[in-house]
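The structure appears below as structure tokens.
The values are calculated or read from the model by the stated rules, or taken from the named source; none is laboratory data. Values in this document were obtained by computation on a predicted structure and should not be read as measured data. FYI the Cβ positions are ideal-geometry reconstructions off the backbone, even for glycines, and counts take in every protein chain you see. Surface areas here come from the heavy atoms of the whole protein model, side chains and all, with no ligands, DNA or RNA. Shrake-Rupley method; radii C 1.70, N 1.55, O 1.52, S 1.80 Å.
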Amino acid sequence: RFNRAQARTPFKVSPEFARVVRLSLELNRRSQGAFDPTMGPVIGLWGFGAQTDVHVVPPDARLREAMKQTGCQHLSVTPRDELVKDISGLQLNLSAIAKGFGVDEMAGVLRRQGLTNFYVSISGEVFTSGRNPKGGKWQVGISAPVLNWRPGDPTVAVLSVSGQAVSTSGDYQKFFIDAEGRRRAHIFDPKTGNPVQHSLGSVTVVADNCTIADGLSTTLYVLGPEAGPRF
């Protein structure tokens, strides 16, 4: 409903929603724009949004128009947990951080039920607590970002973690091959509106909570092999 709302009209959301958007805006500021939750129009144009699974390389003119509807400078959150945009076409897409938030919320539910040993996962975002059934730390496999990845393919590494979150972002699961043979994946460069193109297959982040891990893995993937480690 916010994505369809008019500009300059405060839109009330839940405290949790507001917190995720505030964190997204902070990550955008700290990364100098590498993380951008306002890329909804561009993501949809490439076919990676909620409306269609038809993936196409959009014409330059349409991409330029979609890019005009993006930018965190057009979005704010009031102290009353209201979202405000100053252009009507701005659309939030929180897929780069919301799954991590969902994992943290699930972990909170389990803790409130008195559980201490658990493993929570949503689509590659993981939080671990306590011990696994064998009494050791939880083992989290990191998929090898191979060209034609399939579920069940070998892992490139295994992390032993407890009380920590793990998030991996990469180009090897959600992508299409364009007419020139280039891999076009679902993670976008907010500066160009094009899928990120560099030598990284994936980035994995370990953090104290999954919201941060999720947002950071996307940010670092966008920044790439040189700027990412510096950040």
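Details
- Debye-formula intensities of the chain, expressed as log10 I(q)/I(0) at q = 0.13 Å⁻¹, are -0.82 (one equal scatterer per alpha-carbon, no solvent).
- Globularity ratio of segment 127-192, using Cα Rg and 2.2 N^0.38 Å: 1.48
- Solvent-accessible area per residue in segment 1-146 equals 55 Å², computed with a 1.4 angstrom probe and all protein chains kept.
- Calculated FRET efficiency, residue 29 to residue 116, Cβ-Cβ distance, R0 = 30 Å: about 0.25 to the nearest 0.05.
- Neighbour net charge for residue 19 - beta-carbon separation under 12 angstrom, K R +1, D E -1: -4
- With the charge dipole of segment 147-231 set up from +1 on Lys and Arg Cβ and -1 on Asp and Glu Cβ about the Cα centre, the Cα lying farthest toward the positive end among the listed residues 168, 186, 227 is that of 186.
- Nearest-20 debye value, segment 93-222 charge dipole, Cβ charges on Lys, Arg, Asp, Glu: 300
- Net charge over other residues, Cβ less than 9 angstrom from the Cβ of residue 99 (K, R count +1; D, E count -1): -2
- Our coupling estimate for segment 62-70, obtained by passing each phi through the Karplus curve with A = 6.51, B = -1.76, C = 1.60 and θ = phi - 60°, is 5, 5, 4, 5, 5, 5, 5, 9, 10 Hz, Gly and Pro reported as x.
- Pairs of Cα atoms farther than 26 Å apart, segment 117-231, %: 23
- Relative contact order for the chain, counting Cα pairs under 8 Å that sit 6 or more residues apart, in percent: 19
- Placing unit charges on the Cβ atoms of the charged side chains and taking the dipole of segment 88-231 about its Cα centre, the candidate lying farthest along the positive direction among 90, 117, 204 is 117.
- Taking the DSSP bridge list for the chain and keeping only pairs wholly inside it, about 95 percent are antiparallel.
- Note, ³J(HN,Hα) from phi for segment 195-205, Karplus 6.51, -1.76, 1.60, rounded to Hz, x at Gly and Pro: x, 4, 10, 7, 8, 6, x, 6, 10, 10, 10
- With 0.36 nm allotted per residue and the present C-alpha distance subtracted, the residue 162-residue 182 stretch has 3.3 nm of extension available.
- Among the trypsin sites (Lys or Arg not before Pro) in segment 79-154, those located in a DSSP loop and surrounded by at most 15 other Cβ atoms within 10 Å of their own Cβ are 80, 131, 134.
- Value in Å of the Kirkwood radius, where segment 37-100 supplies the Cα pairs that are averaged: 12.7
- Evaluated at q = 0.19 Å⁻¹: base-10 log I(q)/I(0), Debye formula over Cα of segment 1-55: -0.88
- Between residue 150 and residue 208, full extension at 0.36 nm per residue minus the direct alpha carbon distance yields a gain of 18.0 nm.
- Within a straight-line Cα-Cα reach of under 29 Å, residue 137 can be paired with the following lysines, leaving aside sequence neighbours fewer than 8 residues apart in one chain: 99.
- An ellipsoid equivalent to segment 1-110, defined through the eigenvalues of its Cα gyration tensor, has semi-axes of 24, 18, 13 Å when rounded to whole angstrom and sorted largest first.
- Of the accessible area of the chain, computed with a 1.4 Å probe over protein heavy atoms only, carbon and sulfur atoms account for 52 percent.
- Sum of -39500 (n - 2.57) over DSSP H runs of 4+, divided by residues of the chain (222 nm, nearest 500): -9000 deg cm²/dmol
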